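Working notes, structure below.
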Amino acid sequence: MVDKNTGDKEEKTGITRRKFTLGVILASVAGAFGSLLALLKVLSPEKKGGGGYVSTIKPGDKLVYAKGGKQGDFIKVSSLNIGDAVLAYPAGKASNPANIVQLIKLKESTFKPPTHINLTGDGLVAYSAICTHLGCIVSWVRNQQSPDTSFTECFCHDSIFDPLRGAKVLSGPAPIPLAQIGIKVEGDGTLVFTSGFTGPIGPQV
């Protein structure tokens, strides 16, 4: 004759063991799933989203020289000849590397789409000076005889951009053009920004 109390104990023990076994299985499945997600995150390419570069340029900010003997001085249109280019920052915001731009003086009539003509002024155009490949600062390569065939180049990995056509990529590993930013000449000849950047800045690979 089976003791009723003993039967109850055995039944409870069986239920407890089943719960324990089920818990172990669920924990194992959850652990395996978590490991799979971690592996996929490692294998998936990270989206740069601008490489962390966030500009703080605002319309109305004045342009100043970013380097050289005039560093920090306001840039005046009278100081630039056709074919000239300088690196510039918005006044008071040079501590943010995302704010650096390349300011270029060319003939207004030579600008072609996809350049935003409405963001140019008096033959002046400005682009982010940060290469969209790995973030080096670009340089101006001037053709003395024919300024309208000059170009912007990143000497780190030889990306070349066309300033007359929206700084589109002519060659090299840069994946997208340099973003344009609006400028205009004030009554006193100084320059101010009129917009934000037209696209992402910084490394995009």
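The values are calculated or read from the model by the stated rules, or taken from the named source; none is laboratory data. Remember, it's a predicted structure, so these values are computed and weren't measured experimentally. Don't worry about glycine lacking a Cβ; one is built from the backbone with ideal geometry, like all the others, and counts go over all protein chains shown.
Of note:
- When Thr190, Thr152, Thr198 are checked against the criterion of being in contact (Cβ under 8 Å) with a residue 12 or more places away in the chain, of a type in the set (Ser, Thr, Tyr) and in contact with a helix residue (DSSP H, G or I) (Cβ under 7 Å, 6 or more places away or on another chain), a single residue qualifies: Thr152.
- Of Pro90, Pro147, all but one fail to be in contact with a Leu (Cβ under 8 Å, 6 or more places away or on another chain) and modelled with pLDDT under 95; the exception is Pro147.
- Thr190 being modelled with pLDDT of 95 or more, surrounded by 21 or more Cβ atoms within 10 Å (Cβ to Cβ) and among the β-branched types (Val, Ile, Thr): no
- Failed item in (1) of a type outside the set (S, T, N, Q); (2) within 17 Å of Lys62 (Cβ to Cβ); (3) out of contact with any Leu (no Cβ under 9 Å at 6 or more places or on another chain), with Arg165 passing the rest: (2)
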